[in-house]
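Structure first, commentary second.
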Amino acid sequence: MKFLPLFKSAFRYRVWPWYYFYALGKICLDPAYGTVLETLRNSPRPLLDIGCGMGLLATYLRENGYQSPITGLDLDSGKIALAKRAFQSRSGEFLVGEALELPDHSGDVVMLDVLHYLDDASQLKLLQKVADRIAPGGVALIRVGLNEPNLRFACTQLEEWFVKFCRWIPTSGWNFPFRDEIMVSFDETQFEGVVHPMWGYTPFNSYLFIFRRKE
């Protein structure tokens, strides 16, 4: 029975076979989904999902008992259309927009695998915008591939070549940050921060940064 919410999340995409199997694989293999759920499960605060894609994280959270309102934002209008149909407007909305054009928000924020598509200045600006939208006691969960001299980083870059080739994400390049460049936007006097490896069964150099604003 514990696997039922997993399949119900993917089942929302059943009318699109390719997206259904993508959703099933993503939920099974991506460790960030479970971590986000456990971190936010009982949060009373609204959630902003930056780079929400086809709304898979939102459907996963809903099927696992998460109740707070969700706003998703993504550049790809086609994926936003999928998200709206799959999510069925259950206490949430999905918007087409650039990552730097965040809506007004005060609560929790999730941003998975978005930051590396921006240049240095835009990364810093976006991180500050995220920090500004975290409510007292609220959490920012940011996953990003870090620029490190190891084989995992080489595999991460190879994956981006594939993403660009198949046009799954509309991007012209990538710019993976260093660890300190993420930390600097979250003042230690205001936030408590931890970093966890978040590659799961993948070969990629992914880390999840969790910042909680002090109350």
Could you please find all residues in region 49-67 being at pLDDT 95 or above and among the charged types (D, E, K, R)? 49
So the helices (runs of 4 or more DSSP H) completely within region 68-176 holding 1 or more residues that are at pLDDT 95 or above and among the acidic types (Asp, Glu) are 120-132
It is to be established whether one or more residues within region 108-115 are open to solvent by less than 30 Å² (accessible area, probe 1.4 Å), under 15 Å from residue 143 (Cβ atoms) and acidic (Asp, Glu). yes
Is there any pair with a first residue in region 82-97 that is more than 19 Å from residue 23 (Cβ to Cβ) and a second that is open to solvent by 60 Å² or more (accessible area, probe 1.4 Å) whose Cβ atoms are under 6 Å apart and which are 6 or more apart or on different chains, and what are they? 91/69; 96/77
For a quick check of your reading of the model, give me the residue pairs whose first member lies in region 134-147 and is over 17 Å from residue 41 (Cα atoms) and surrounded by fewer than 17 Cβ atoms within 10 Å (Cβ to Cβ), whose second is modelled with pLDDT under 95 and not charged (D, E, K, R), with beta-carbon atoms closer than 9 Å and at least 6 apart or on different chains. 147/116; 147/153; 147/175; 147/176; 147/177; 147/178; 147/205
So which pairs qualify, if the first residue must be in region 179-203 and in a helix (DSSP H, G or I), the second must be open to solvent by 70 Å² or more (accessible area, probe 1.4 Å), the Cβ gap must be under 8 Å, and the two must be at least 6 apart or on different chains? 181/120; 181/124
Do we find that residue 64 is surrounded by fewer than 16 Cβ atoms within 10 Å (Cβ to Cβ), over 16 Å from the mean Cα position of the chain (by Cα) and either of a type outside the set (D, E, K, R) or under 23 Å from residue 141 (Cα atoms) (or both) in this structure? no
Please go through region 100-116 and pick out each residue that is touching a Gly at 6+ places or on another chain (Cβ under 8 Å) and under 16 Å from residue 145 (Cβ atoms). 111, 112, 113, 114, 116
Could you list, in sequence order, the residues of region 70-81 that are in contact (Cβ under 8 Å) with a residue 12 or more places away in the chain and over 16 Å from the mean Cα position of the chain (by Cα)? 77
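The values are calculated or read from the model by the stated rules, or taken from the named source; none is laboratory data. Quantities reported herein were computed from a predicted structural model and do not represent experimental measurements. Glycine gets a Cβ as well: all are built from the backbone with ideal geometry, and neighbour counts include every protein chain shown. Heavy atoms of the whole protein, side chains included, go into the accessibility calculation; ligands, DNA and RNA do not. Shrake-Rupley method; radii C 1.70, N 1.55, O 1.52, S 1.80 Å.
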